[in-house]
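Chemist: Take a look at this one; I'll ask things after.
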Amino acid sequence: MEITRANTLRGHAVHTSAGRIATTSYDGFRLMDLSAKVIAHQPEEVASLYPAVVFRPDGRHVASNQGAAPRVSIRDMQGKRVAEIGAEVESVPMALDYSPDSKLIGIGFANGSVMLYDAATFRPIGVPVLAQKSPVISLCFNPQSTAFATGAESTIIRLWDIAGSPLTPPIRAHAGGVHALQFTPDGRILMSGGRDEFVRFWATGAEAWMALARERLRSRTAQPTAAGESPASASAERLGTASTTRP
């Protein structure tokens, strides 16, 4: 099965029970069935520098960002646009996720803010949260739909409740931007993937994050260990708050 020929595939999502594949590339957005038959194609909606496309878990809609446009398109399963959201924040959407219960959609923006929307009415919930000091390039809800994590171009990850209150201190997670976030099914571990080509695993309990933050603060002026590892990362391993592997 071949999906695109001449243009680089920049982002994709699959919803097996709805029988749909969504892709974004430099020749636009496509919605296909599972045999790759094109149902809808919007060539004017080219992929963003940080492409994001995600299906609503109940299979009713698919959301995607578009180039440098300050909006997110919501489409039904036939590719018809039913809404555009994101105008409340004067910035470019860079990260998207639906909550697992299909009630919320979260958008991370280039100005470091996050906005939550009602996934049924498309109305904003509350006011934008200034989540990071640099672009939010990854966002993920926990399995319980009670919290979400953000990852920034500035290497920071952080947890938030759905009211926009921080649940953890900011943690410098990678030597580069945090491009991917995913919770384990029980929500106890958050996995992060960075530009530094590492995947890291983080315990989501606030006590573990506070301990790691304190260790890293104390180690800023410390000398590296003989193995070249900072005392902070070594302590994180002992605490079980983070481990690293190369993908």
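Readers should treat all values here as calculations from the given coordinates under stated rules, not as data from a laboratory. Bear in mind the structure is a predicted one, so any value in this text is a computation, not a measurement. Note that we place each Cβ from the backbone using ideal geometry, even for glycine, and neighbour counts take in every protein chain shown.
Chemist: Could you tell me which of ALA131, LEU116, PHE141 has its Cα farthest along the dipole of region 1-150 towards the positive end, charges placed at Cβ (Lys, Arg +1; Asp, Glu -1), taken about the Cα centre?
Modeler: PHE141
Chemist: Moving to a separate point now. Decide, for region 6-126, between rounded, prolate and oblate: order the square roots of the alpha carbon gyration tensor eigenvalues as a ≥ b ≥ c, take rounded if a/c falls under 1.5, and otherwise choose prolate if a/b is larger than b/c, else oblate.
Modeler: Taking the square roots of the gyration eigenvalues as a ≥ b ≥ c, region 6-126 is oblate.
Chemist: What is the distance, in nm, between label points placed 7 Å from the Cα along the Cα-to-Cβ direction at LYS133 and at SER35?
Modeler: With each label point 7 Å from Cα toward Cβ, the separation is 5.5 nm.
Chemist: A further question on this structure: Which order do the peptides 147-156, 184-193, 119-128 come out in when sorted by mean C-beta neighbours inside 10 angstrom, highest first?
Modeler: Highest to lowest by the protection proxy: 147-156, 184-193, 119-128.
Chemist: Please list the non-local residues whose amide H lies under 5 Å from the amide H of ALA147, H modeled 1.01 Å from N, same-chain partners needing a gap of 5 or more.
Modeler: ASN142
Chemist: For LYS133, give me every one of the lysines with a C-alpha distance below 20 angstrom, ignoring sequence neighbours fewer than eight places off in its own chain.
Modeler: Cross-link targets: none qualify.
Chemist: Shifting gears a bit: Pop out the ³J(HN,Hα) list for region 123-130 in order, Karplus 6.51 cos²θ - 1.76 cosθ + 1.60 with θ = phi - 60°, rounded to Hz; leave Gly and Pro as x.
Modeler: Values per residue, Gly and Pro as x: 8, x, 10, x, 10, x, 9, 7 Hz.
Chemist: Let me ask another. With a point put 7 Å past each Cα toward its Cβ, work out how far VAL14 is from LYS80 in nm, to one decimal.
Modeler: About 2.8 nm separates the two model spin labels.
Chemist: For region 97-211, which semi-axes, largest first and in whole Å, follow from the square roots of 5 times the eigenvalues of its Cα gyration tensor?
Modeler: 21, 16, 13
Chemist: If amide hydrogens are placed 1.01 Å from N in the peptide plane, which non-local residues have theirs closer than 5 Å to the one on GLU45?
Modeler: PHE29
Chemist: How many times 2.2 N^0.38 Å is the alpha carbon radius of gyration of region 55-155?
Modeler: 0.99
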